[in-house]
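The values are calculated or read from the model by the stated rules, or taken from the named source; none is laboratory data. Since we're looking at a predicted model, the values are computed, not measured. Every residue, glycine as well, gets a Cβ built from its backbone with ideal geometry; the counts of neighbours run over all protein chains shown. Please note that ligands, DNA and RNA were not included when accessible areas were found on the heavy atoms of the full protein model with its side chains. Shrake-Rupley method; radii C 1.70, N 1.55, O 1.52, S 1.80 Å.
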Amino acid sequence: MSDDKPDAPANAGYDEWADALAEGGYYVECANGHGSLPPRRVCPECGSRELSAAPLPETGEVATFSEVHVAPSGFGEEPPYVTAIAEFGAVRLTGIVRGPSDRDIEVGAPVRADVADNEATGDRLVVFRPV
Ligand SMILES: [Zn+2]
């Protein structure tokens, strides 16, 4: 992970943000300390436009998860798979759990955020790897 912070995180698109996630990642923090993702131009909590990039914590904690047995069409992930919301400090991320123990995921489990390509759509996919 490099120490270079993007100059204008609020102007970064989702793909740029997802690419950065593979190398540690960042989230957007406003002058009042509200974290938000994905990057946007205005803090969704207080409307502040003074946004800067803060490094994403190395590991997050699973807040909730669910096993998906029927995938939305074109999603590109073979069911069953597990989606989860994990808390990384001030922000929450939604992603797919991948790893040797993805069937044993539980609330509070530590995960690392990573990024993978959705082969069906070409979009970036947030992936959680149990640690
Ligand atoms: Zn704010």
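A few comments on the model shown:
- Computed from the Cα positions only, the extents of segment 60-130 along the three principal axes stand at 31, 21, 19 Å, in decreasing order.
- Applying the criteria of a DSSP loop state and at most 15 other Cβ atoms within 10 Å to the GluC sites (Glu not before Pro) of segment 87-131 yields 106, 119.
- Among 117, 104, 19, the largest mean-square fluctuation in a Gaussian network model of the chain, built with springs joining Cα atoms closer than 10 Å, belongs to 104.
- The antiparallel fraction among DSSP beta bridges confined to segment 60-130 stands at about 90%.
- Left without a cysteine partner by the 4.7 Å Cβ rule in the chain: 46.
- Length gained on full extension, residue 59 to residue 92: 10.7 nm, using 0.36 nm per residue less the C-alpha separation.
- Probing with 1.4 Å while keeping every protein chain in the model, the per residue accessible area of the chain equals 57 Å².
- The apolar share of the surface of the chain, taken as the fraction of accessible area on carbon and sulfur atoms (1.4 Å probe, ligands and nucleic acids excluded), comes to 44 percent.
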